[in-house]
Amino acid sequence: MTVPRASMQNASLGAHYVVHIPEPDDFAFWRERARGLIQCDVPPDRVSWVEPGGTGDLFAQEGPSRGERRLPVPPESPHEVRASKRFMQLARKAALHSDPSRFGLLYRMLWRLQSNPRAMEDKADPDVRRIEELDKAVRRDAHKMHAFVRFREVRTEDGGEHYVAWFEPDHHIVRAEAGFFMRRFANMNWSILTPKGCIHWDGETMRESGPARRSDAPGGDPVEELWRSYYASIFNPARLKVGAMLSEMPRKYWKNLPEAALIPDLIAGAQAREAQMVDHGATDMGEKPETLDKVGEAIAKCRACPIGELENRAVMGEGPRSAPLMIVGEQPGDQEDVTGRPFVGPAGQLLDEYLQRAGIDRGGTYVTNAVKHFKYVPRGKRRLHQSPAAKEIDTCRWWLEAERDLVKPRVILALGASAARGLLGRTVSISKVRGQAMPLEGGAELWVTAHPSYLLRLDGEARERQAALFEADLAAVKERLTELEA
């Protein structure tokens with residue numbers, strides 16, 4: 001490792017220094033000590049950083065002769081310490097992480113910045129990547145604290161209102177996030193109790209106290225019923241994605257959330273509620289057209305949902321009247337809307353490439369979309385794609401079923417979750433249903449895979465992985481078509 005200065009005139013050669021951090025979140029203390037050590041040219045391998053309660057540092061247990069009070073004193077005219085703006089932004093958050101090696105990592109990076117001011121720009125550098133990981137974990141923990149702190153009302157001895165919340169952070173974020181809650185609940189008297197320390201606000205002053213236990217917090221109050229009613233009212237079964245929900249609301253927080261008790265029943269009843277919503281929102285579309293041409297004429301006039309009111313054109317499916325395979329996408333894109341034909345844009349070109357690899361003739365396939373009009377929002381001269389809502393897909397399902405009744409394909413391939421919903425009337429997880437045939441009314445089989453536009457949004461290993469799955473799905477469909485034609 002490069003030493004920024006040849007001399008160590010203010011440090012003892014061979015000495016090992018121990019810095020005791022007074023508080024595990026005291027970034028200002030670390031910054032001050034780190035600056036002085038850099039100015040004394042003390043390399044990272046000669047410094048140990050110990051936070052309160054820290055263990056495993058042999059030198060820290062050898063008494064004050066190796067302790068902080070013997071840190072070298074910077075010269076009267078110390079050299080400037082270099083630290084990029086990006087490093088300082090990341091270091092402030094990374095210092096709050098619970099990793100006991102974080103202060104040593106930050107000092108090593110600061111040391112390297114003295115000889116290479118652009119070191120933070122190397123995304124492949126292990127130290128840079130680790131600091132970014134710590135920063136991300138701390139910001140995520142803070143986000144969870146903002147979202148999952150639930151105050152419960154208690155009465156003080158003089159009959160006043162006080163609100164108390166219990167939270168279990170992964171990192172040392174409590175004091176750093178005090179300002180957020182002070183601004184948000186400025187007119188309340190509240191306390192947030194955690195195993196890593198507590199904060200208290202009385203409307204004027206913020207106080208701190210030591211760690212608390214779960215039993216120190218109240219168990220419940222009448223406000224919890226309001227939380228439960230609110231959560232139940234905003235729960236949308238048509239948008240339920242259990243994996244994404246667990247990612248945003250990990251189970252570890254459930255025990256402190258009054259509304260969490262509703263989650264298992266809401267998930268269990270989601271499909272039934274979704275079906276009720278579809279029935280309730282059903283629109284009388286009249287008699288189904290008897291030919292594909294009449295379907296095309298009808299959808300051109302359709303204004304049953306807001307998408308039809310936009311400046312766009314209806315894009316009818318195309319392909320042989322008796323094609324054995326029907327491919328269903330989500331909706332026309334910008335280029336499809338301009339040309340009036342399905343799958344002619346970048347996603348369509350990628351689909352053609354994979355169809356050719358699988359040995360599927362697009363010319364012998366009926367290609368259409370679950371939603372017949374292009375949904376977008378204007379941005380200057382551009383039109384930005386917007387995903388159709390569940391109700392819009394359900395409304396357009398009438399036209400998709402009309403096409404299906406007339407073409408009578410033996411196999412239907414749905415590209416993406418919206419297309420699958422257009423055929424099933426309910427939302428499914430692609431990862432759970434891909435690679436297998438799903439029977440439909442009328443005897444056809446439904447196969448579900450990702451939409452090719454999804455592949456276009458990926459890169460690197462993620463794209464390679466999803467492309468392999470997409471290719472395998474199309475190969476399975478081709479194999480099934482061959483079996484049915486035999």
query = For the range 117-154, how many residues are of a type in the set (Val, Ile, Thr) and modelled with pLDDT under 95?
reply = 2
key: Subset tally (residues that are open to solvent by 40 Å² or more (accessible area, probe 1.4 Å), over 33 Å from the mean Cα position of the chain (by Cα) and farther than 22 Å from Asp405 by Cβ) for the range 311-340   = 3
query = When you look at Leu484, is it farther than 24 Å from Leu350 by Cα, touching a helix residue (DSSP H, G or I) at 6+ places or on another chain (Cβ under 7 Å) and among the aliphatic types (A, V, I, L, M), yes or no?
reply = no
task = Among the residues of the range 419-430, write down those that are open to solvent by 10 Å² or more (accessible area, probe 1.4 Å), touching a Gly at 6+ places or on another chain (Cβ under 8 Å) and not in a loop (DSSP other than H, G, I, E, B).
result = Ile430
query = Hey, Val154 hits all of (1) under 32 Å from the mean Cα position of the chain (by Cα); (2) open to solvent by less than 50 Å² (accessible area, probe 1.4 Å) but one; which does it fall short on?
reply = (1)
request  = For residues that are among the acidic types (Asp, Glu) and modelled with pLDDT under 95, tally how many sit in the range 337-366.
outcome  = 1
message = So, Gly443, is that one out of contact with any Pro (no Cβ under 9 Å at 6 or more places or on another chain), at positive phi and open to solvent by less than 60 Å² (accessible area, probe 1.4 Å) or not?
response = no
remark   = Scanning the range 89-119 residue by residue, those surrounded by 18 or more Cβ atoms within 10 Å (Cβ to Cβ), under 25 Å from Ala178 (Cα atoms) and not aromatic (Phe, Trp, Tyr) turn out to be Leu90, Ala91, Lys93, Ala94, Ala95, Leu96, His97, Arg102, Leu106
key: Filtered residue count, the range 272-291, keeping only those that are open to solvent by 80 Å² or more (accessible area, probe 1.4 Å), out of contact with any Leu (no Cβ under 9 Å at 6 or more places or on another chain) and modelled with pLDDT of 70 or more   = 1
inquiry  = I'd like the residue in the range 26-48 that is assigned to a loop (DSSP other than H, G, I, E, B) and either at pLDDT below 95 or among the basic types (Lys, Arg) (or both) and, out of all such residues, is most open to solvent (accessible area, probe 1.4 Å).
reply    = Pro43
request  = Could you list all residues from the range 446-475 that are closer than 22 Å to Gly348 by Cβ, part of a helix (DSSP H, G or I), of a type outside the set (Asp, Glu) and open to solvent by 40 Å² or more (accessible area, probe 1.4 Å)?
outcome  = Tyr454, Leu456, Arg463, Ala468, Leu469, Ala472, Ala475
ask   = Does Ala475 satisfy being in contact (Cβ under 8 Å) with a residue 24 or more places away in the chain, of a type outside the set (D, E, K, R), closer than 25 Å to Leu406 by Cα and in contact with a helix residue (DSSP H, G or I) (Cβ under 9 Å, 6 or more places away or on another chain)?
value = no
remark   = For Val174, the lone unmet condition from (1) surrounded by fewer than 19 Cβ atoms within 10 Å (Cβ to Cβ); (2) under 15 Å from His97 (Cα atoms) is (1)
task = Enumerate the pairs (first residue in the range 286-308 and over 20 Å from Lys391 (Cα atoms); second residue anywhere and open to solvent by 40 Å² or more (accessible area, probe 1.4 Å) and in a helix (DSSP H, G or I)) with beta-carbon separation below 9 Å, excluding pairs fewer than 6 apart on the same chain, so at least 6 apart or on different chains.
result = Pro289/Glu297
query = Can Arg86 be described as part of a helix (DSSP H, G or I) and open to solvent by 70 Å² or more (accessible area, probe 1.4 Å)?
reply = yes
ask   = How many residues, within the range 374-415, are open to solvent by less than 10 Å² (accessible area, probe 1.4 Å) and either among the aliphatic types (A, V, I, L, M) or under 16 Å from Gly333 (Cβ atoms) (or both)?
value = 10
key: Of all residues making up the range 183-223, the number that are of a type in the set (Ser, Thr, Tyr) and touching a residue at least 40 places away in the same chain (Cβ under 8 Å)   = 0
message = Give me the residue from the range 120-136 that is surrounded by 18 or more Cβ atoms within 10 Å (Cβ to Cβ) and among the aliphatic types (A, V, I, L, M) and, out of that set, farthest from the chain's Cα centre (by Cα).
response = Met120
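The values are calculated or read from the model by the stated rules, or taken from the named source; none is laboratory data. None of the values given here were measured: they were computed from a predicted structure. Methodologically, a virtual Cβ is constructed for each residue, glycine included, from the backbone with ideal geometry; neighbour enumeration extends over all protein chains shown. Side chains are part of the model used for accessible areas, which takes the heavy atoms of the whole protein and leaves out ligands, DNA and RNA. Shrake-Rupley method; radii C 1.70, N 1.55, O 1.52, S 1.80 Å.
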